[in-house]
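Notes for the one structure printed next.
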Amino acid sequence: MSRARALASPASLKGVLSAAAAATALAEGFQRCGVEAVELPVADGGEGTAEVLAGALGGEWRSATVSDPLGRPVLARYLMLPGRSAVVEAAQAIGLPLLQPDERDPLRASSRGLGELIQVALGERLTSLLVCIGGSATVDGGAGLREVVDSLPVETVVACDVRNPLLGERGAARVFGPQKGATPEAVEKLEARLAGMDELRPFADLPGAGAAGGLGAALAALGAQLVPGAELVLDLVGFRERLLDANLVVTGEGKVDRTSAEGKAPGAVVRACREEGVRCVVFGGVIEEELEGADHEELSGNPERAREDLIALGERLGTDLTGA
């Protein structure tokens with residue numbers, strides 16, 4: 001009889017555990033009860049996507065000093081993959097965690113730093129570029145980025161963690177502005193500012209145009225292709241091939257809610273498991289809304305216990321899997 005095998009494929013628990021650290025904790029729990037566990041963390045174009053790709057594909061980290069959302073110098077990393085393709089993350093240069101809560105103001109925050117990081121990467125004589133735009137502090141429609149980048153001379157793909165358009169009730173300002181510190185009055189100013197950017201108008205309704213405060217639309221205007229980040233990452237790390245050998249898949253993130261099914265990595269994992277008929281368990285420190293086709297496990301919600309919670313979850317699920 002073959003040994004039970006589990007696939008540990010969590011996304012990051014933002015500010016608590018990286019996707020790789022969460023996968024290791026789950027695997028430790030599974031291994032305690034004799035279940036073979038494969039660590040295959042996932043991401044969706046947000047913070048930590050480059051780290052997930054580095055773990056699966058290899059490559060070399062490089063760094064550059066660029067501007068943070070308020071123009072201050074910050075050291076940002078990017079990944080050079082084998083074959084001279086680069087992975088650049090918006091969160092490294094203009095991420096929301098780079099600002100203190102009282103500094104968050106999307107009327108001031110600029111995407112210029114991401115443009116500077118892209119320019120540095122382009123200096124590597126690239127064959128292609130992947131830009132991961134989730135987690136930004138900005139709603140500037142890429143205005144700052146476009147001060148620095150006026151063309152993309154290599155094939156460029158943009159990994160979007162949401163599918164929102166640029167404008168309207170589901171657009172960048174109204175959906176994401178408040179999350180980045182915008183007051184109701186500021187939201188209306190941001191909406192008007194984005195609507196007035198003529199160069200973005202042809203791309204305003206593309207799925208993902210509103211991602212990262214309109215960076216999706218800005219990069220599309222420069223010739224980049226917008227794609228669902230979660231599906232792209234699952235493809236790059238070979239998730240479906242690994243899935244076929246698994247009896248159980250465990251995924252999750254810090255907070256599971258409606259957005260988890262709308263572009264986030266756990267939603268993509270659940271869909272793939274459903275299509276292949278493999279049982280999937282979704283964990284969350286908080287579970288506000290369950291994902292169709294999966295079982296759910298709510299953890300303690302205590303960030304200090306996150307690693308121990310995941311070890312215990314792996315051990316519990318492994319025991320169920322082996323019938324021990």
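Observations
- Cysteines (scope the chain) whose Cβ has no counterpart Cys Cβ under 4.7 Å: 33, 132, 160
- Probe 1.4 Å, accessible area per residue of the chain, Å²: 42 Å²
- Mean Cβ neighbour count within 10 Å, used as a protection proxy, ranking 50-60, 94-104, 172-182 highest first: 172-182, 50-60, 94-104
- Size of region 139-209 as Cα extents on the principal axes (Å, biggest first): 39, 23, 22
- Share, in percent, of DSSP beta bridges within the chain that are antiparallel, nearest 5: 30 percent
- With N the number of residues in region 77-162, Rg(Cα) / (2.2 N^0.38 Å) evaluates to 1.08.
- The chain: relative contact order as a whole-number percent, Cα under 8 Å and 6+ apart: 21 percent
- Alpha carbon convex hull of region 40-183, projected area averaged over orientations, nm²: 8.5 nm²
- Spin-label pair residue 259/residue 278, simplified geometry with 7 Å Cα→Cβ offset, distance in nm: 2.7 nm
- Candidate lysines - alpha carbon under 21 Å from residue 255, same-chain residues fewer than 8 apart omitted: 14, 180, 264
- Centroid-to-centroid separation of region 147-208 and region 260-324 [C-alpha atoms, Å]: 32 Å
- With all protein chains in place and a 1.4 Å probe, the accessible surface of the chain carries 47 percent carbon and sulfur.
- Histogrammed with a bin width of 10 Å, the alpha carbon distances of region 113-261 distribute as 11, 38, 31, 16, 4, 0 percent, first bin at zero.
- Calculated on alpha-carbon atoms, Rg and Dmax of the chain in Å: 19.7, 65
- Mean Cβ count within 10 Å, highest first, over the residues of peptides 276-283, 39-46, 301-308, 4-11: 39-46, 4-11, 276-283, 301-308
- Protection-proxy order for peptides 237-246, 185-194, each taking the mean of Cβ atoms within 10 Å per residue, highest first: 185-194, 237-246
- Whole-number D in µm²/s for region 256-324 (Stokes-Einstein; Kirkwood sum over Cα pairs; 37 °C, 0.692 mPa s): 256 µm²/s
The values are calculated or read from the model by the stated rules, or taken from the named source; none is laboratory data. For clarity, every value in this text was computed on a predicted model and none was experimentally measured. So basically every Cβ, Gly included, is an ideal-geometry build from the backbone, and we count neighbours across all protein chains shown. For accessibility, only protein heavy atoms count, side chains too; no ligands or nucleic acids. Shrake-Rupley method; radii C 1.70, N 1.55, O 1.52, S 1.80 Å.
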